[in-house]
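Below is one structure, written out as structure tokens, with a few remarks after it.
The values are calculated or read from the model by the stated rules, or taken from the named source; none is laboratory data. Note that the structure is a prediction, hence the values are computed from the model and not measured. Cβ atoms come from the backbone with ideal geometry, glycine included; neighbour counts cover every protein chain shown.
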Protein chains: 2
Amino acid sequence: MKNNVKIARIKQSMTQQQLAERVGVTRQTIGLIEKGQYNPSLQLCIAIAKELNKTLDELFWEVDDE
Amino acid sequence: MKNNVKIARIKQSMTQQQLAERVGVTRQTIGLIEKGQYNPSLQLCIAIAKELNKTLDELFWEVDDE
DNA sequence: AACAAATGTAATTTATATATTGCTTTTTGC
DNA sequence: GCAAAAAGCAATATATAAATTACATTTGTT
């Protein structure tokens with residue numbers, strides 16, 4: 001479940017906390033998603049993508065593992 | 001939670017049952033996703049997209065409501 | 001070195017996606 | 001029109017995403 005959330009978030013100079021608040025989840029949830037340990041819901045993925053000015057594909061589609 | 005799964009599935013002349021089997025869920029789950037009543041997991045969205053030869057964006061991104 | 005902010009991590013609880021079963025309704029081919 | 005397949009729908013059970021709380025570690029700043 002690799003993804004590009006962390007990179008995109010840092011490019012926007014946003015903390016996990018800030019992103020979490022804006023999409024309505026906790027900091028821990030964002031942390032685990034970035035770590036690739038969670039299988040987030042589609043709604044959450046969409047909310048994150050919109051906050052980071054990315055599309056689903058840019059963040060979650062065919063992300064090269066490791 | 002509108003999406004383009006039903007359209008894409010029919011274009012591939014696949015039944016809900018067949019798609020369900022190929023992505024490893026039940027027919028009911030596919031039915032509810034197509035109806036827009038579910039908030040599926042990212043993994044399932046990716047599996048569906050791959051089976052239908054689409055990307056996440058094509059199936060789930062900014063789908064015009066009705 | 002000391003402090004603070006950001007992040008990592010872990011246990012427990014709660015909400016909800018998905019499974020299972022069963023029945024009904026619609027669609028499609030003969 | 002009839003039969004079978006496909007799809008809609010609903011109740012209950014189970015697995016897991018996400019919340020909550022709490023503490024540890026890292027990173028940057030003075």
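Couple of notes before you dig in:
- Residue, farthest from DNA strand C (Cβ to nearest atom), within segment B:27-39, restricted to residues that are out of contact with any helix residue (DSSP H, G or I) (no Cβ under 6 Å at 6 or more places or on another chain) and more than 10 Å from residue B:2 (Cα to Cα): B:32
- Unique residue being of a type in the set (Val, Ile, Thr), under 16 Å from residue A:56 (Cα atoms) and modelled with pLDDT under 95 when the list is B:25, B:63: B:63
- Qualifying residue in segment A:11-20 (condition: touching a strand residue (DSSP E or B) at 6+ places or on another chain (Cβ under 8 Å) and surrounded by 13 or more Cβ atoms within 10 Å (Cβ to Cβ)): no
- Test: residue in segment A:52-63 that is near DNA strand C (Cβ under 8 Å from one of its atoms) and surrounded by 13 or more Cβ atoms within 10 Å (Cβ to Cβ): no
- When segment B:1-29 is filtered for residues that are part of a helix (DSSP H, G or I) and either basic (Lys, Arg) or within 18 Å of residue A:40 (Cα to Cα) (or both), the ones remaining, listed by number, are B:6, B:9, B:11, B:22, B:23, B:27, B:29.
- Within segment B:12-21, restricting attention to residues that are within 12 Å of DNA strand C (Cβ to nearest atom) and within 11 Å of residue B:51 (Cα to Cα), the residue that is farthest from the other protein chains (Cβ to nearest Cβ) is B:21.
- Screening residue A:33 against (1) more than 14 Å from chain B (Cβ to nearest Cβ); (2) near DNA strand D (Cβ under 9 Å from one of its atoms); (3) of a type in the set (Val, Ile, Thr) leaves a single unmet condition, (1).
- Within segment A:40-51, being within 14 Å of DNA strand C (Cβ to nearest atom) and at the interface with chain B (Cβ under 9 Å from one of its Cβ atoms) holds for A:40, A:41, A:42, A:43, A:44, A:45, A:46.
- Lone unmet requirement of (1) touching a residue at least 40 places away in the same chain (Cβ under 8 Å); (2) under 26 Å from residue A:48 (Cα atoms) for residue B:9: (2)
- Scanning segment A:31-66 for residues that are touching a Ser or Thr at 6+ places or on another chain (Cβ under 9 Å) and assigned to a helix (DSSP H, G or I) yields a total of 5.
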